[in-house]
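One structure below.
The values are calculated or read from the model by the stated rules, or taken from the named source; none is laboratory data. This one's a predicted model, so the numbers in the text were calculated from it and none came from an experiment. All Cβ positions, even for glycine, are placed from backbone atoms using ideal geometry, and neighbour counts span all protein chains on display.
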Amino acid sequence: MTLGGKPFTFTKQKAPASADPAAPAAPDVWKQTAPDAKDLDQSKVTDFLTTMSNLRAESFATSALSSGEELVLTVRFGDEKTPSSEVVRFRKSGAVVHATLAGESSGLVVSTVEYDKALALIKALTGVK
């Protein structure tokens, strides 16, 4: 992810195994691994991921915004044998937010309210002002 021109990396990591074999497995945790390694507030990560996954196109724009506040997300998924990724660029100019997939010139208009909520959460996680 790039926010304010600064790259950040978040990784979902397996929780350490319990010494007690009868204990239920601990949930995996999200950690920031770059630019600095640190623990993250798991509820804020969950809120951010939920908010981002719920963003929907309200309409289409024939050309995406070319300036404005920018958030670039690179999502990596799959496994080691078949890794995949998607890059989505969000730009906000005034009261308009566009989401654009890598390689596309058109944009999707998304909810400014929901985008602002997601942006506030990611800024709280990263410490970006």
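If you check ALA15, ALA19 for being part of a loop (DSSP other than H, G, I, E, B), in contact with a strand residue (DSSP E or B) (Cβ under 7 Å, 6 or more places away or on another chain) and aliphatic (A, V, I, L, M), only one passes: ALA15.
Under the condition of being crowded, with 16+ Cβ neighbours inside 10 Å and either within 25 Å of GLN13 (Cα to Cα) or in contact with an Asp or Glu (Cβ under 7 Å, 6 or more places away or on another chain) (or both), the residues counted in region 64-89 number 5. Here ALA57 meets the list (1) touching a helix residue (DSSP H, G or I) at 6+ places or on another chain (Cβ under 9 Å); (2) over 27 Å from ALA15 (Cα atoms); (3) among the small types (Gly, Ala, Ser) almost entirely, failing just condition (1).
Given ALA17, ALA61, ALA25, ALA99, which one is farther than 21 Å from VAL128 by Cα and either surrounded by 15 or more Cβ atoms within 10 Å (Cβ to Cβ) or at pLDDT 95 or above (or both)?
Of ALA17, ALA61, ALA25, ALA99, the one residue that is farther than 21 Å from VAL128 by Cα and either surrounded by 15 or more Cβ atoms within 10 Å (Cβ to Cβ) or at pLDDT 95 or above (or both) is ALA61.
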